[in-house]
Amino acid sequence: MRLLVCLAEHAGEVVSIDDLLNQVWSDVVVTPDSVYQAVASLRRLLGDDPKQPTYIATVPRLGYRMVAAVSPWVDQSTPETGATAPGARITAGFAWAVGAALCLGIVSAFLFHGKVANGNRATSHAIAPQPPKSIAVLPFLDLTEKMNHEAFADGMTEELIDKLSKIPGLRVPPPTSSFYFKGKQITIAEIAKTLGVAYVLDGSVRKSGARLRVAARLIRGDNGYVVWSETYDRPLNDMLMVQDDIAGEVTKALRASIEARPER
């Protein structure tokens, strides 16, 4: 929400990554990856196509620009009845965008809870305490400039699931379970509870010239804290080799990280 407001306050202007970090995350220390993921989330909520944006446009190597028309909210309710006066209207695309973002987020969460609670009544009783050595891999986000590396991001996810599932004693939900959450606005805690895991691994894929950067984070499902993170830079000479190489390194690091943690 703060990111959306910040971009709206500078509608039509290019806002750099550094400016967004300073204005939106002024009280915490985060990496540029937080900006990329927040923009990707906003686009999903608003149904915005990054290739033909209606709200937020990416300006390569510079930042982002709000391209939607923005103007102040106009409340023309009559004092006697509280009803909106004839002919009154909201003049800004921004007001609609904020409402849409909030409503879609709330509706998504409501529908998800409803499906778990009502669609399968036994679910709440069947979920056992999460085994400490268990992890779900969420679909990696494609944060490349043209958003055209989704296939690589999905392949990265499947490669990680495959390698992690081969670690003795580590429980890993299958790709079908993980990909159910692709594009959905659901908290890490809810995902971990639904899949019955103690940890969640997520990440993103970015591209600069002929190099790819894959970022990965290990998150505790009970409190949402990041317990491990790393980035991997590789040349774009062989996609399959890059996936296999990075998945191997991530698996090795996660195995050491999880095994070093005491049983809860």
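Between Thr31 and Asp19, full extension at 0.36 nm per residue minus the direct alpha carbon distance yields a gain of 3.1 nm. With 30 Å as the limit, write out which pairs from Lys51/Lys163; Lys133/Lys182; Lys146/Lys182; Lys51/Lys252; Lys182/Lys207; Lys207/Lys252 have Cα-Cα distances beyond it, or answer none. Listed pairs above 30 Å: Lys51/Lys163; Lys51/Lys252.
Overall dimensions of the range 197-264, expressed as equivalent-ellipsoid semi-axes from the Cα gyration tensor (√(5λ), whole Å, largest first), are 26, 13, 8. Here r is the Cβ-Cβ distance between Ser41 and Asp233 and R0 is 25 Å; the resulting FRET efficiency, rounded to 0.05, is 0.55. For the range 175-264, the list of chymotrypsin sites (Phe, Trp or Tyr not before Pro) that fall in a loop by DSSP and count at most 11 other C-beta atoms within 10 angstrom reads Tyr225.
Round to the nearest 0.05 the FRET efficiency obtained for Ala253 and Lys146 when R0 = 22 Å and r is the Cβ-Cβ distance.
Working: r = 30 Å, r/R0 = 1.35.
After rounding to 0.05, the efficiency reads 0.15.
Straight Cα distances below 18 angstrom link Lys184 to the lysines Lys115, Lys193, with same-chain residues fewer than 8 positions distant left out. Treating each Cα of the range 151-264 as one equal point scatterer and applying the Debye formula with no solvent, the log10 of I(q)/I(0) at q = 0.12, 0.16, 0.20 Å⁻¹ comes out as -0.42, -0.76, -1.18.
Of the trypsin sites (Lys or Arg not before Pro) in the range 1-71, the ones in a loop by DSSP (not H, G, I, E or B) with at most 16 other beta carbons within 10 Å are Lys51, Arg61. Loop-located GluC sites (Glu not before Pro) in the range 209-264 (DSSP state not H, G, I, E or B) with no more than 11 neighbouring Cβ atoms inside 10 Å: Glu263. Taking 7 Å steps out from each Cα toward its Cβ at Leu240 and Gln52 produces label points 3.5 nm apart.
Values in this text are rule-based calculations from the coordinates and carry no lab data. For clarity, every value in this text was computed on a predicted model and none was experimentally measured. Methodologically, a virtual Cβ is constructed for each residue, glycine included, from the backbone with ideal geometry; neighbour enumeration extends over all protein chains shown.
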